[in-house]
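The values are calculated or read from the model by the stated rules, or taken from the named source; none is laboratory data. As the structure is a prediction and not an experimental result, all values here were calculated from the model. Reconstructed Cβ throughout: ideal geometry from the backbone, glycine too, with neighbour counts over all protein chains shown.
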Amino acid sequence: MNRNYAAARLARHIYLALFLPFLLVTPSRATIGYQVSLAHPEQHLFHVSVTIPDVHASVTVQMPAWNALYQIRDFSDHVQQVQAFVGAARVPIEKIDKQTWRVQADGTVVVRYATFWDDPGPFASQLNADHAFINPAMILMYVPERRSEDVQLFLSELLIDWNVAGADFAAAVGVGGSTARTFLLRASNFDALADAPIEAGKFQQFDLPGISPPVSVVVHGDGWNKKHLEEDLTKICKYELKLMGGAPYQHYTFIFHIGRGAGGGGMEHANSTAIGISSDESLDNVSAHEFFHLWNVKRIRPASLDPVDYTQEQYTRALWFAEGVTSTYGSYTLLRSKLWTKQQFYEDLARQISELESRPANRWQSAEQSSIDAWLEKYPLYNRPENSVSYYTKGQVLGVLLDLQIRARTDGAKSLDDVLRLLNEDFAKQGKPYRDSLDVRLTAEKVAGGSFEDFFQKYVANAGPLPYQETLAIAGLELRVTERSHATLGFAADRSPEGNPVVRTVDADSSAAAAGLRPGDVVALWNKQEPPRRLERWLRDQKPGGTVHLSLRRDEKQIEIDFRLAEAKELFYQVAEIAHTPEEAKRLRESWLRGE
């Protein structure tokens, strides 16, 4: 980081820290102030004060019902001890519904409460003796009609050896006593604050070399290799920044939680990402996906998600593009930055096709319907293969097919890259959202110089069989399909809170059913050992006809059964280059793979 820039930023935050008490209560600024205490982190309680100036007669505050996942999670469930004050005087506060409170008062109102969190990120919040990770929307109330006002967050009573990191929020110089530290974080409005996760604790931090504006990396955990992390992230960021014509941020931060219990997956934010992984082996794919969200979804944003409605489900038909095509570019990035070989890219594409085609729901659930139904993903029944397909998977495959068709129509002169760049120019940089699938189609038509109405009608709005062979052939590729047999249990199970498999359904004609297995049976032992954590993974190494011995708990009784693994057949897909491909197709393929 430039030393002059760093010094200026440090001086600014010293100033803010010294004058914070006055800023929080100055009515002319109409700034809503938050103070979050991290005292006694082992209790897992964030103690929050919300200072609301310029209240006339009454003010309403709310806790968001959802954030980070397309699930109503009712964060007010974590809240306790809600009180309101004007000066030193306590005033009445009335709860209106599960997420709303009203205070009848004038002047500057302070709402205080505690909220309990000890769930690992990136989709939750956590406070314990090891660290704090904050998704602000999960712990902060907001004033619905004043979401656009400046906000500032005063993070106080941190342990003396803790630090703070977060996108666009440089910590102020620590102040206070010898056992606690205090930091100031600022944002232009509540939505910006809600979209900026915060890591507090003892972590390692560094900037990626040769990237401007800066990209910082914050790592909490162990079992990772700094050289590997730095080199791979640098390649990913440089490629995507070049692809999209520069950075849309002033400062970007990767927040990694690495190790056991770190959570799983990544969550995009406007100027940062939070990623939880068990080891750095799976880092590249999720990092490439999340960094591309800087453009696709955070700035190239569907109108159905803008502005955010924190109170209820917000339905969109565009997740196949916002998430799925982001996965397309995650795989493109790894290939084109040489973190993947060409063969690894083909294998990944074949895996997505195999996953899609193995799900019966692919015959009837369109990419748009899968997007709308994202709010059903918290229900186990919905996630079964016969009930749904993933908008990630279907969208990633559609992105590849659309890209190849654009290249074919323009003799390789244009591509899906141009569609993303044009969406960025026409919508993101103009500060306006696009109309779900409609503007994606119109932009693709503008780039390709012809209609894509048939493609979008058949494969995006409806669930027509995807045109794999004819589209892959454009690049001299084919989809090879073979049939393979594998072992199957003959029943399906969910995992109980204690970790044991609980039988959900039993195939009527299976050996397991003949042996007496019933829905509701709890598997205590599997072949006289602890049940496998991943039954599907265990099955990969088994052969049809093998014997399984189960010790079951049923109605407070223990039952022993033996049954044989059945045989099932599945289709296996492989993307391969066609021998004797015409030179024109070879050239298109090579330019596609290189991103030219």
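Summed over segment 509-532, residues that are within 14 Å of Thr488 (Cβ to Cβ) and assigned to a loop (DSSP other than H, G, I, E, B) total 3.
Ser304 satisfies every condition listed in (1) of a type in the set (Gly, Ala, Ser); (2) modelled with pLDDT of 95 or more; (3) farther than 29 Å from Val143 by Cα; (4) outside the structural domain of Lys429 (by TED's automatic domain parsing) except (3).
Taken together, the residues in segment 134-158 that are touching a Phe, Trp or Tyr at 6+ places or on another chain (Cβ under 9 Å) and within 30 Å of Val219 (Cβ to Cβ) amount to 14. Restricting Thr108, Thr100, Thr115 to those that are more than 14 Å from Gln80 (Cα to Cα) and of a type in the set (Ser, Thr, Tyr) reduces the list to Thr108. Taking the criterion of being assigned to a strand (DSSP E or B) and more than 34 Å from the chain's Cα centre (by Cα), the residues of segment 48-89 that qualify are Pro53, Asp54, Val55, His56, Ser58, Ala84, Phe85, Val86, Ala89. Condition check for Asp309 on (1) in contact (Cβ under 8 Å) with a residue 40 or more places away in the chain; (2) within 23 Å of Ala124 (Cα to Cα): one failure, at (1). Each residue in segment 323-344 was checked for being buried (at least 18 other Cβ atoms within 10 Å of the Cβ) and either of a type in the set (S, T, N, Q) or in contact with a strand residue (DSSP E or B) (Cβ under 9 Å, 6 or more places away or on another chain) (or both), and 9 of them qualify. Against the numbered list (1) more than 25 Å from Leu356 (Cβ to Cβ); (2) surrounded by fewer than 20 Cβ atoms within 10 Å (Cβ to Cβ), Gly264 comes up short only at (1).
Within segment 550-571, the set of residues being in contact (Cβ under 8 Å) with a residue 60 or more places away in the chain, in a strand (DSSP E or B) and either acidic (Asp, Glu) or surrounded by 13 or more Cβ atoms within 10 Å (Cβ to Cβ) (or both) comprises Phe563, Ala566, Glu567, Ala568, Glu570. Checked against the criteria, Tyr434 does not count as in contact (Cβ under 8 Å) with a residue 60 or more places away in the chain and out of contact with any strand residue (DSSP E or B) (no Cβ under 7 Å at 6 or more places or on another chain). Within segment 71-84, residues that are under 29 Å from Thr316 (Cα atoms) and at pLDDT 95 or above have Cβ atoms under 8 Å from residues that are of a type in the set (Ser, Thr, Tyr) and part of a strand (DSSP E or B) in these pairs: Phe75/Thr115; His78/Thr115, counting only partners at least 6 apart in sequence or on another chain.
This table checks each residue for (1) surrounded by fewer than 17 Cβ atoms within 10 Å (Cβ to Cβ); (2) in contact (Cβ under 8 Å) with a residue 24 or more places away in the chain; (3) not assigned by TED's automatic domain parsing to the domain that holds Leu438.
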site: Leu466; (1), (2), (3): no, yes, no
site: Arg495; (1), (2), (3): yes, no, yes
site: Thr505; (1), (2), (3): yes, no, yes
site: Ala514; (1), (2), (3): yes, yes, yes
site: Leu517; (1), (2), (3): no, yes, yes
site: Asp521; (1), (2), (3): no, yes, yes
site: Glu530; (1), (2), (3): yes, no, yes
site: Val548; (1), (2), (3): no, yes, yes
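Checking the stated criteria, Lys242 turns out to be outside the structural domain of Lys429 (by TED's automatic domain parsing) and surrounded by fewer than 18 Cβ atoms within 10 Å (Cβ to Cβ).
Residue check: Ser272 meets all listed conditions (1) surrounded by 22 or more Cβ atoms within 10 Å (Cβ to Cβ); (2) among the polar types (S, T, N, Q); (3) more than 24 Å from Asn135 (Cβ to Cβ) but one, namely (3). With respect to (1) more than 27 Å from Pro465 (Cα to Cα); (2) at pLDDT 95 or above, the lone exception for Ser279 is condition (2). The residues of segment 422-469 that are of a type in the set (Lys, Arg) and either part of a helix (DSSP H, G or I) or within 21 Å of Gln365 (Cβ to Cβ) (or both), listed by number, are Arg441, Lys446, Lys458. Taking the criterion of being outside any loop (DSSP other than H, G, I, E, B) and among the small types (Gly, Ala, Ser), the residues of segment 470-498 that qualify are Ala473, Ala475, Ser485, Ala487, Ala492, Ala493. Among the residues making up segment 533-580, a single one is within 19 Å of Arg495 (Cβ to Cβ) and of a type in the set (Phe, Trp, Tyr): Trp538. On the stretch given as segment 347-361, residues that are assigned to a helix (DSSP H, G or I), surrounded by 18 or more Cβ atoms within 10 Å (Cβ to Cβ) and charged (D, E, K, R) total 3.
Of the set (1) touching a Leu at 6+ places or on another chain (Cβ under 9 Å); (2) of a type in the set (Lys, Arg); (3) more than 29 Å from Leu479 (Cβ to Cβ), all apply to Lys528 but (1). Scanning segment 399-421 turns up no residue that is among the polar types (S, T, N, Q), outside any helix (DSSP H, G or I) and within 24 Å of Arg363 (Cβ to Cβ).
Listed here are the residues, each with its yes/no results for (1) outside the structural domain of His220 (by TED's automatic domain parsing); (2) farther than 25 Å from Ala39 by Cβ; (3) not aliphatic (A, V, I, L, M).
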| site | (1), (2), (3) |
| --- | --- |
| Pro64 | yes, no, yes |
| Gln81 | yes, no, yes |
| Ala105 | yes, yes, no |
| Phe123 | yes, yes, yes |
| Asp130 | yes, no, yes |
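Is it true that some residue in segment 463-480 is more than 25 Å from Phe321 (Cα to Cα) and among the aromatic types (Phe, Trp, Tyr)? There is no residue in segment 463-480 that is more than 25 Å from Phe321 (Cα to Cα) and among the aromatic types (Phe, Trp, Tyr).
Quick grid of which residues meet (1) at pLDDT 95 or above; (2) out of contact with any strand residue (DSSP E or B) (no Cβ under 7 Å at 6 or more places or on another chain); (3) among the hydrophobic types (A, V, I, L, M, F, W, C):
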{"site": "Tyr459", "(1), (2), (3)": "yes, yes, no"}
{"site": "Leu472", "(1), (2), (3)": "yes, no, yes"}
{"site": "Glu478", "(1), (2), (3)": "yes, no, no"}
{"site": "Val481", "(1), (2), (3)": "no, no, yes"}
{"site": "Ser485", "(1), (2), (3)": "no, no, no"}
{"site": "Gly490", "(1), (2), (3)": "no, no, no"}
{"site": "Ala493", "(1), (2), (3)": "no, no, yes"}
{"site": "Gly499", "(1), (2), (3)": "no, yes, no"}
{"site": "Ser511", "(1), (2), (3)": "no, no, no"}
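For first residues located in segment 353-364 and free of Cβ contacts under 8 Å to residues at least 60 places away in the same chain and not assigned by TED's automatic domain parsing to the domain that holds Leu401, partners that are part of a helix (DSSP H, G or I) and surrounded by 19 or more Cβ atoms within 10 Å (Cβ to Cβ) and lie 6+ apart or on another chain with Cβ distances below 9 Å do not occur.
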